[in-house]
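K.L.:
Before I ask anything, let me first share the structure, which is written out below as structure tokens.
Bear in mind these aren't lab numbers, they're just calculated from the coordinates by the rules spelled out. Not measured: the values here are computed from a predicted model. For neighbour counting, all protein chains shown are included, and Cβ atoms are generated from backbone atoms with ideal geometry for every residue, glycine included.
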């Protein structure tokens, strides 16, 4: 266990916003920080309610859970947001919104730091008057960045291969997906993806999933691939010779190679897949890499990661939440920053 | 290897249509029938071009492939469809269409028989003037059945658990999915699914996936779940006390339990998941059960299965096609029929 009470300007800093406090955020943070997998040479700054973190600690201890850290040994940026009686969701939504705002402010103060965010409840944000489709949108707005990407990344514990899936569209209703997609959007996402991957490999191998069943099967099962997606991928590939890009690939087989590379060291690998919509990307990610997958925002002036699960309201307070994804989020925030050109860059 | 030249009225019959002959259909049939996993007490009737099957056999032999059967040892219902020079796709589409028509006719002649279909190319069917969105639709029309279901089923070689996913919508463009879904459709599919599952278990446990990211997250990411899907599932559950049904479940975690049950004998199991659209169901099926998954049509007067992959035009003739899914299709056609009330019923 690291004693994190001393702030050291030189050490790499991980800023953690606790997310929605009626969910499992505080619990998985206290569990994750206990993990032996967390690099020892990091400083942590937790942004949230100190009181709530202490209560979570006491509750977990009373349940007999030993493998947790004491929040008093950590630097907590304590924020007290007024709590409205009988409006728990709204109050927690408001609190988690301002924790994130403050965490963004802090991470930008340091030259070598990354941000890890606990899960929030979009409905609660909305009830509190914060109308964002997710934390990513607030991050982009606050950092005044036009184009960001929601990337899910997981490092296989079996092969060491890093499995990356970027979403072209994110938290929107399924019926809006075909309308939202465009050549411009695909190109922007491929630009972001290529830039990200090039900080790790020389010539990234990217795949683009189709939108329709069998990628439209020559126009029979949907026209988008034939009308413009195929052309968008080819055009981008011609303009980016430093990247090997293929697609649109039939969505239902597009992740088969990821599944193999996750388990088998001898299988061919790839650097990333661009999914057209949330569940197209998230379903294979969770089936292949459950508990190892991390939500990363690319395109920001710093690396931001978060666990790949939600608030877990149904299991909060019971002590049974799995912290592996938070562990991976912290590890990935550090790994992705130190290995990339972004390190010390902001 | 079974010698299948004698037709025996009492033996269980598997009728196999070869599918598109420019694809891997004929190859995987000759490979699959050699497999030791195929039950020995079955009669096979292959519907296709005898000439093409013989040529496939010779080609595979010339490539040094030994683990294949000689089609001359099997009963072939030989059909010669006129071939149009320079219109290969159209000709093959026309042939595969009539092979299936004939195979349906044959399977209905026998009291104990099931149908296995090789993969076809919908584009080629369309070029030949056969406008169906898939083989399933032709099967329903030919058998004069109003409601059929496209079920993907796979038996785990690790745990023996059978993993079933039914599609609410099938081969349609993604943009049409939200318009096509209705309470009526969900109820019809749940009726079919429950009827199917009840031939194997007393009180099936069914799950229904949501349509939108996080199943709409209380209306924030899509309104269908809140507006009617939740109500449709609850209503159906109230009318069908012999089935345990839950949903709509967040699509990106809905198949996590399937992944666990596939690998771990101690994990909780379920009898089936109803997916809202093609790739929502097919992506997890292929990631979890690649090469073991079988496409089954439920609601017909006989069991029909097919491998879960396409024509494989890019690898046809090379001898490298995997026949495991065809082996599973044959095994499942037999297993699902002999274990169910459908056996001897038509």
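K.L.:
Would you mind ranking A:264, B:252 so that the residue whose beta carbon has the fewest other beta carbons within 10 Å leads the list?
P.N.:
Final ranking by Cβ density, sparse to dense: A:264, B:252.
K.L.:
Among B:121, A:175, rank each residue by its count of other Cβ atoms within 10 Å, from fewest to most, as a rough exposure measure. Don't jump to the answer; show the numbers that get you there.
P.N.:
Numbers: B:121 23, A:175 18.
The most exposed by this proxy come first: A:175, B:121.
K.L.:
Moving to a separate point now. Quick check on the exposure proxy: order B:36, B:180 from fewest to most C-beta atoms within 10 angstrom.
P.N.:
B:36, B:180
K.L.:
Placing the label point 7 Å from Cα along the Cα-to-Cβ direction, what are the distances from residue A:83 to the equivalent spots in the other copies, shortest first, in nm to one decimal?
P.N.:
7.9
K.L.:
Mind checking the log10 I(q)/I(0) for the protein assembly as shown at q = 0.06, 0.09 Å⁻¹? Debye, one equal scatterer per Cα, no solvent, two decimals.
P.N.:
Treating every Cα as an identical point scatterer, log10 I(q)/I(0) equals -0.38, -0.81.
K.L.:
Measure out, as a whole number of angstrom, how far apart the alpha-carbon centroids of the stretch B:75-131 and the stretch A:176-200 sit.
P.N.:
Result: 41 Å between the Cα centres.
K.L.:
First obtain the Kirkwood hydrodynamic radius of the stretch B:1-148 from its Cα pairs, then insert it into the Stokes-Einstein equation at 4 °C and 1.567 mPa s, and state the resulting D in µm² per second as a whole number.
P.N.:
Taking Rh from Cα pairs, D becomes 82 µm²/s.
K.L.:
Once R0 is set to 35 Å, what does the formula 1/(1 + (r/R0)^6) return for the Cβ-Cβ distance between residue B:78 and residue A:218, expressed as a FRET efficiency to the nearest 0.05?
P.N.:
0.70
K.L.:
State, to one decimal in nm and shortest first, how far the label point of residue A:201 sits from each corresponding label point in the other identical copies (label point: 7 angstrom along Cα-to-Cβ).
P.N.:
Distances between equivalent label points, in nm: 4.0.
K.L.:
What does DSSP give for the protein assembly as shown in terms of the percent of beta bridges that are antiparallel, rounded to the nearest 5?
P.N.:
35
K.L.:
Next up: Between residue B:51 and residue B:231, what's the calculated FRET efficiency when r is the beta-carbon distance and R0 is 35 Å? Round to 0.05. Intermediate results must be reported in sequence, preceding the final value.
P.N.:
Details: r = 56 Å, r/R0 = 1.61.
Efficiency, from the Cβ-Cβ distance: 0.05.
K.L.:
Need one number: the % of Cα-Cα pairs in the stretch A:206-247 sitting beyond the 12 Å mark.
P.N.:
Percent of Cα pairs beyond 12 Å in the stretch A:206-247: 55.
K.L.:
Another question, if that's okay. Please give the helix A:230-239 orientation as an angle from the longest Cα principal axis of chain A, in degrees from 0 to 90, rounded to the nearest 10.
P.N.:
That works out to roughly 80 degrees.
K.L.:
In degrees from 0 to 90, rounded to the nearest 10, what is the angle of the helix B:50-62 Cα long axis to the longest principal axis of chain B?
P.N.:
Approximately 90 degrees, to the nearest ten.
K.L.:
If I fit a long axis through the Cα atoms of helix A:324-338 and take the longest principal axis of the Cα atoms of chain A, what angle between them do I get, 0 to 90°, rounded to 10?
P.N.:
On a 0 to 90 degree scale, this one is about 70.
K.L.:
I've got another one for you. Give the Rg (one decimal place) followed by the Dmax (whole number) of the stretch B:108-186, computed from C-alpha coordinates and expressed in Å.
P.N.:
15.5, 45
K.L.:
Which translational diffusion coefficient, to the nearest whole µm²/s, is obtained for the stretch B:223-336 from the Stokes-Einstein equation, given a Kirkwood hydrodynamic radius over C-alpha pairs, 25 °C and 0.890 mPa s? Can you show the working numbers first?
P.N.:
Details: Rh = 16.6 Å.
It comes out at roughly 148 µm²/s.
K.L.:
Oh, and also: Which percent, nearest 5, of DSSP beta bridges in the stretch B:147-298 are antiparallel?
P.N.:
In the stretch B:147-298, approximately 50 percent of DSSP beta bridges are antiparallel ones.
K.L.:
Bins of 5 Å, beginning at zero and ending with the bin holding the largest distance: percent of Cα pairs per bin for the stretch A:147-299, please.
P.N.:
Each 5 Å bin holds this share of Cα pairs: 2, 10, 20, 24, 22, 14, 7, 2, 0.
K.L.:
Given the rule -39500 (n - 2.57) for each run of at least 4 DSSP H residues, summed and divided by the residues of the protein assembly as shown, what is its mean residue ellipticity at 222 nm, to the nearest 500 deg cm²/dmol?
P.N.:
Helices in the protein assembly as shown give a 222 nm mean residue ellipticity of -10500 deg cm²/dmol.
K.L.:
Sticking with this one: Over the Cα atoms of chain B, how large are the radius of gyration and the largest Cα-Cα distance (Dmax), in Å?
P.N.:
Reported Rg and Dmax, both Å: 20.3, 63.
K.L.:
Using a 7 Å offset from the Cα along the Cα-to-Cβ direction at both residue B:11 and residue B:131, what is the distance between the two label points in nm, to one decimal?
P.N.:
Distance between the two pseudo-spin positions: 4.3 nm.
K.L.:
Here's a follow-up. Compute from the Cα atoms of the stretch A:269-340 the Rg and the Dmax, the latter being the longest Cα-Cα distance, and quote both in angstrom.
P.N.:
Here Rg and the maximum Cα pair distance are 13.6, 40 Å.
K.L.:
Report the antiparallel proportion of the DSSP beta bridges in chain B as a percent, rounded to a multiple of 5.
P.N.:
So the antiparallel bridges in chain B amount to around 35 percent.
K.L.:
Please report, for residue B:101, the nm distances (one decimal) from its label point, 7 Å out from Cα along the beta-carbon direction, to the equivalent points in the remaining copies, shortest first.
P.N.:
In nanometres, ordered from closest: 6.9.
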